[in-house]
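To start, the structure itself, in structure tokens.
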There are 2 protein chains.
Amino acid sequence: MSEEQTDARYRERMQKKKEIMDARIREASDERGVIIVNTGTGKGKSSAGFGMVARALGHGQRVGIVQFIKGQFATGEEAFFRQFDNVTYHVMGEGYTWETQDRSRDVEMAEAAWAQARALLQDETIDLVLLDELNIALKKDFLDLPTVLEDLANRPPMQHVVITGRGAPQDLIEIADTVTDMRKEKHAFEAGVKAQKGVEL
Amino acid sequence: MSEEQTDARYRERMQKKKEIMDARIREASDERGVIIVNTGTGKGKSSAGFGMVARALGHGQRVGIVQFIKGQFATGEEAFFRQFDNVTYHVMGEGYTWETQDRSRDVEMAEAAWAQARALLQDETIDLVLLDELNIALKKDFLDLPTVLEDLANRPPMQHVVITGRGAPQDLIEIADTVTDMRKEKHAFEAGVKAQKGVEL
């Protein structure tokens, strides 16, 4: 086959692909707030949430963030996003539960963090709410799932919510619009690489 | 079982978990640049890369970004990250291949973008390099994979690289330190929801 024929076939194939993509884009016409869940054991659940925060800020949108687990990790994004006026940032106190070892305090902290989340979910000036590691708090029963689902359902219709953390409960997956299961294929930590600034910290 | 006993058992379990985590953290002592690959058909591959950019900037690090596919999407993050002095941002011209329908131009554009990437991979003042959608360019054979692998191997030893896009080639997965397969469980687009600012745009 000559190069000319190859090029012609390539153009034809791409033309077909373009038609399919254009049709799909035309059909997807709803504009409304969506719930996005990033779950699974792999890396990138929270990072993807923070990437969406960056994208929203790029459009001049207002963003609310509640981090349900504050550990020794996850400090770079806090330092970074706190500097923007368009960002409201709350961090649940006290760190990982295996650091605190006090269940009643964990529950109290989670409930206080949820009160912050609820305020964001009632504020229609907030375009995007990131509930980082909420799934962990739900998995450990620190929060009442029906209450969480109700507050999510009652949010402003155009508001987007991103929820991260491994072990997303099935009822949350049901009501979500977009769910990604981030599967770990390999992790540097297991090969003896320390958590490093800009990567995990 | 009394509440006191439950609390005691909880503390004991959490204490054990803390010991395991602390030991794992002690053992992971290597500090070196890592290659992180976000692949799969789900949402969040690029967003997770941009979240890592935010984290690195939070630590005052320098970041280089090359986007190998510029479509009608993905404009929020560009607008956002271009405003920082610590960020070098290159976008490959011309948009998706099914928009351009010209393979030789696609190859030319990809090669020009790789020249930008190589310059970043030779600059030891850059802490983190994001090669967004590089996997697509590799999958379509727009770039020579051995050359890409060699340039990655020859980068400064402390430099981190994040590579995104579906269909990561096996040889790239082999040399990567951390690989996440982001699997689509559900996507709002399929339920007729339009790509929206702050979410996909």
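The values are calculated or read from the model by the stated rules, or taken from the named source; none is laboratory data. Because the structure is predicted, anything quoted here is derived from the model rather than measured. Ideal geometry is used to build each Cβ from the backbone, glycine not excepted, and the neighbour counts take in all protein chains shown. Calculation scope for accessible area: heavy atoms of the full protein, side chains included, ligands and nucleic acids excluded. Shrake-Rupley method; radii C 1.70, N 1.55, O 1.52, S 1.80 Å.
Just one of the listed residues (A:33, A:64, A:40, A:71) is open to solvent by less than 50 Å² (accessible area, probe 1.4 Å) and either modelled with pLDDT under 85 or at the interface with chain B (Cβ under 7 Å from one of its Cβ atoms) (or both), namely A:71. When region B:33-86 is filtered for residues that are free of Cβ contacts under 8 Å to residues at least 12 places away in the same chain and among the aromatic types (Phe, Trp, Tyr), only B:80 remains.
Within region A:5-18, residues that are over 15 Å from residue B:140 (Cβ atoms) sit with their Cβ atoms under 7 Å from residues that are outside any helix (DSSP H, G or I) and open to solvent by less than 80 Å² (accessible area, probe 1.4 Å), at 6+ positions apart or across chains, in these pairs: A:15/B:101. Scanning region A:74-85 turns up no residue that is over 23 Å from residue B:197 (Cα atoms) and at pLDDT 90 or above. As a summary of the residue check, residue B:124 satisfies the conditions (1) modelled with pLDDT of 95 or more; (2) of a type outside the set (A, V, I, L, M); (3) open to solvent by less than 10 Å² (accessible area, probe 1.4 Å) except for the one numbered (3).
Conditions tested, residue by residue: (1) among the small types (Gly, Ala, Ser); (2) modelled with pLDDT of 95 or more; (3) in a helix (DSSP H, G or I); (4) surrounded by 19 or more Cβ atoms within 10 Å (Cβ to Cβ).
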position	(1), (2), (3), (4)
A:108	no, no, yes, no
A:118	no, yes, yes, no
A:161	no, yes, no, yes
A:174	no, no, yes, no
A:181	no, no, no, yes
A:184	no, no, no, no
A:195	yes, no, no, no
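From the list A:103, A:155, the one residue that fits, being away from chain B (no Cβ under 14 Å) and either farther than 23 Å from residue A:81 by Cα or open to solvent by 10 Å² or more (accessible area, probe 1.4 Å) (or both), is A:155. Scanning region B:120-137 for residues that are over 19 Å from residue B:59 (Cα atoms) and in a loop (DSSP other than H, G, I, E, B) returns B:122, B:133.
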